[in-house]
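Beneath this line is the structure, given in C-alpha cells, with notes to follow.
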Amino acid sequence: MNNIINGLSIVATPIGNLDDITYRAVKILGECDIIICENPKHSLKLLNKLGIKKKLIALHDYNEHKIIDQIKVLLKNKNCVLISDAGSPLISDPGYNLVQYCIANNIRVTSVPGPSSIVSSLQLSGLPISEFAFFGFIPKSKKKIEDLVKNISQEKRTCVFFVSNHKLIVFLDCLENIIGDRSISICKELTKVNEFVFRGNPGSVKNKILEDKENIKGEFVAVIDRQTSKNQDFDNIDLYSKELKKMATKFSLTDIVEIVHKFTKINKNKIYKWLLKLRK
C-alpha cells in the first residue's frame with residue numbers, strides 16, 4: 001500500500017558509500033510514482049542495488065526550464081521524488097525552481113534528510129563548526145578564485161567549498177598567498193574506499209597532496225578556519241606602522257617577520273612586503 005501523498009519529496013542519497021542510504025529514503029523511493037534525478041544512468045546504480053524500478057525524469061541545469069512544465073503536471077496527481085547524483089538535492093544542484101513552484105502552488109513538499117558532504121567534511125575537519133558558511137563550487141578562473149579567497153579572508157565563520165580536482169592546487173596556492181598559515185582541511189572522496197583528509201595550513205596541505213599524483217584524483221571538499229584575533233590580517237598597515245617602526249630599531253627585518261608571523265600567523269611574504277612599504 002502506498003503511504004505517501006501526492007507532492008514532492010526531496011530525498012538525500014549516498015555521497016559515495018551506497019550503504020549510507022536511510023531506511024526512510026528506501027521506503028519513499030520504493031513507494032513513489034516518479035523519480036526526478038540529475039542523471040538517470042548514475043541514479044540507476046543506486047536504484048538497481050535497492051531493487052527499485054521507477055519512471056525516471058532527468059532534471060539538470062541544461063533542461064530545467066524546459067522540463068519543469070512537464071513535471072508540474074505530474075505533481076498534481078503523482079508522488080514525485082527529487083534526488084541528486086549524490087547527497088542532499090538543491091545544494092549546488094538543480095531543483096530550486098521546482099521547489100519554488102510547489103510552494104507557490106500549495107503543493108506538498110517534504111524533506112528526507114541523509115548524507116551530506118558538507119556536514120561530513122565539517123565533522124572531520126577538526127575546526128570550529130558552531131557557525132559556518134557554504135560557498136558551493138569555487139570559480140573556474142584563477143582571478144575569480146583569488147577574489148573569492150580575498151573576500152573570505154576576514155570571514156568570522158568556518159568556510160566550506162566544493163573543489164574540482166583540476167582546480168585544487170590553484171585554490172591552495174591562493175589560500176597560501178592570501179590567508180597564510182590559517183588551518184584548513186581538504187576532504188577527499190568522502191565515505192568512499194579512498195577517503196582521506198589532509199589537515200594543516202595551505203602550504204603543508206599542498207605539499208602533502210603533491211607527494212603523490214594519485215592524491216589529486218577524486219572529489220574534494222575544502223574547509224577553511226574562520227578569521228580570529230590569532231590569524232587576522234592587517235586591513236590597514238598604517239594602524240600598525242608605529243609599533244613596527246619601533247621594532248625596526250631593535251630587530252632585523254628577518255627577525256620582525258618571524259615575530260609577527262609567530263603571533264599573527266600571517267603569511268611571511270605579506271609581512272615582508274608590508275615592512276618594505278614602511279621603509280619608503
Point to revise | Yes/no for Gly136 being in contact with a helix residue (DSSP H, G or I) (Cβ under 7 Å, 6 or more places away or on another chain) and touching a residue at least 40 places away in the same chain (Cβ under 8 Å) | key: no
Check your understanding: So which pairs qualify, if the first residue must be in the range 50-64 and closer than 16 Å to Cys32 by Cβ, the second must be assigned to a loop (DSSP other than H, G, I, E, B), the Cβ gap must be under 6 Å, and the two must be at least 6 apart or on different chains?
Key -> Leu59/Pro94
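Is one or more of the residues making up the range 64-74 of a type outside the set (Lys, Arg) and either modelled with pLDDT of 95 or more or under 24 Å from the mean Cα position of the chain (by Cα) (or both)?
Yes, there is a match, as at least one residue in the range 64-74 is of a type outside the set (Lys, Arg) and either modelled with pLDDT of 95 or more or under 24 Å from the mean Cα position of the chain (by Cα) (or both).
On the given criteria, is Leu75 more than 24 Å from Val119 (Cβ to Cβ) and in contact with a Phe, Trp or Tyr (Cβ under 9 Å, 6 or more places away or on another chain)?
Judged against the criteria, Leu75 is a match.
The values are calculated or read from the model by the stated rules, or taken from the named source; none is laboratory data. As the structure is a prediction and not an experimental result, all values here were calculated from the model. Methodologically, a virtual Cβ is constructed for each residue, glycine included, from the backbone with ideal geometry; neighbour enumeration extends over all protein chains shown.
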